[in-house]
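Heads up: the structure comes next, in C-alpha cells.
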Amino acid sequence: MNNRFIKGAVFAAAMAFLLTAAACGTTVPASGEAVQPTTEMKASGGAVTSASGTTADTSSAEETTTVTGVEVGEKRVSGLTLSYTTADIIVGQTLKYPLVSEDVPEIWTSSDESVATVDSVGNITGKGEGTCTVKVVSETDSSLGAEVKVTVRKNEGTQKIDGITYVDGILVANKSYALPESYAPGGLTSETYDAFQQLANDAAADGLSMSVISGYRSYDYQSELYNNYVSQYGQAAADRFSARPGYSEHQTGLAIDVNCADDSFTGTPEAEWLAAHCNDYGFILRYPKGKEDVTGYQYESWHIRYVGKDVAKKIREAADAAGDPDLTLEEYLHIDSYYH
C-alpha cells in the first residue's frame, strides 16, 4: 500500500473540514492547499462562496454551513488510479481499501457517513442503505484524486419458505442449509438451462465444447450416490466431494457439472474459459480452489451454480473490491457451510 502516514496538526485541521464538507457533498481541497485563516466559506443552494466572492460548484447542499480557514475554488480531482472504483456492500460489511497505484500521502473522505464511512487508509464500511462517494486525494497535491461509488444495501437476512432457505433472496443449499426431501423441480430450471445453452453456444464459437454431465439430482438419487461413495471411501472422504441427501445444490435445479466431473477437467481450455466467462451468463464457479474450509468441499473446476446475471455481477464486484477473485457464495452472503 502507499505511504499512509498522515502528519500531526495539518492533517487534523484538514480532516475536521473534510468531514464537515462531506456532509454537504462539497468537493474540498487536501491539507496541502493554502490556508486563509480569515476566509469564511458558506455552502448554500449548490454553490460555495467565500467572503471575497469566490464560488465553487458542489454536488448538493441541503442546509447552510459555515467553515472558516480553507481556501475555496478547487477543481474536480483526478489523476490517481484505484484497483476498484465501484463497491456494492451490505450494512455492516467492511471492504479492504482500494489500492492506489501512485505513491502519495492519502486523505480519504466519504460524502455521506450515514451510508458508508472510510478510515484513514481507505477501508470502507457500510452504515446504511443508499449511495455515496468515497474520495481519496493527495495530501500534498489536491489536484490528484480518485473516487469510489459505493452502494450499500441492507442484509435481508435468512428466510425459510416451505422448508427452503433464502439468504438475501438467494436460494441456498450447502452443508448448513438443507432442502426438504419433497423439493423436486424435476430438472434444471428454465433460466438455468437457457443460460447454459447461451454459454455453450458462445464457447462453441471459440472452438470449445461445453455440455451438462450432471444437472438436476433428486433427493433419492443423491442419497444413493452419497451412500455409494461412503461405502467406497468412508464418510470423512465422501463428505469432501459429495453432499449428503438434502444438502446438494444439484437438487435445486440450479447447479451443473460441466463436461467431466473429476480432476481431468481442471486445466483444460474449457475449464479456463468456464472460470473466466461463467459470470457473464449468471453462473459462479461454486467451489473454487483453496476455499474448502469455507464451502465445505474440495476444488471443483467443473461445478457451476446459477444465481442470475445481477447477482453474479454483484459477487464479481464484491470479489474485486475484496481483492479476492475466488470469493465464494458463503463469503458474499456471510454464512457458513458445515454439518451442524
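Got the relative contact order for region 105-225 handy, in percent, Cα pairs under 8 Å and 6 or more residues apart? This gives 14 percent for region 105-225.
Which pairs, out of LYS289/LYS309; LYS96/LYS309; LYS127/LYS149, put more than 20 Å between their alpha-carbon atoms? Pairs exceeding the cut-off: LYS289/LYS309; LYS96/LYS309.
Between THR268 and ASP206, the modelled labels are 1.5 nm apart [label points 7 Å from Cα along Cα→Cβ]. Within the accessible surface of region 229-289, defined with a 1.4 Å probe on protein heavy atoms only, the carbon and sulfur portion equals 49 percent. In this label model, ASP220 and ASP194 are separated by 3.1 nm, measuring between points 7 Å along each Cα→Cβ vector. Taking a quarter of the surface of the Cα convex hull of region 264-329 gives a mean projected area of 4.2 nm². Using a simple spin-label model with pseudo-atoms 7 Å out from Cα toward Cβ, SER101 and HIS277 lie 2.7 nm apart. Note on LYS309: accessible area is roughly 130 Å² with a 1.4 Å probe, heavy atoms of protein only. A probe of 1.4 angstrom, applied to the heavy atoms of all protein chains, finds SER248 with accessible area near 10 square angstrom. Note on ASP239: accessible area approximately 20 square angstrom, rounded to 10, probe 1.4 Å, nucleic acids and ligands left out.
The values are calculated or read from the model by the stated rules, or taken from the named source; none is laboratory data. Because the structure is predicted, anything quoted here is derived from the model rather than measured. Counting neighbours? That spans all protein chains shown, and the Cβs are built from the backbone with ideal geometry, glycine included. The accessibility values were calculated without ligands, DNA or RNA, using every heavy atom of the protein model including side chains. Shrake-Rupley method; radii C 1.70, N 1.55, O 1.52, S 1.80 Å.
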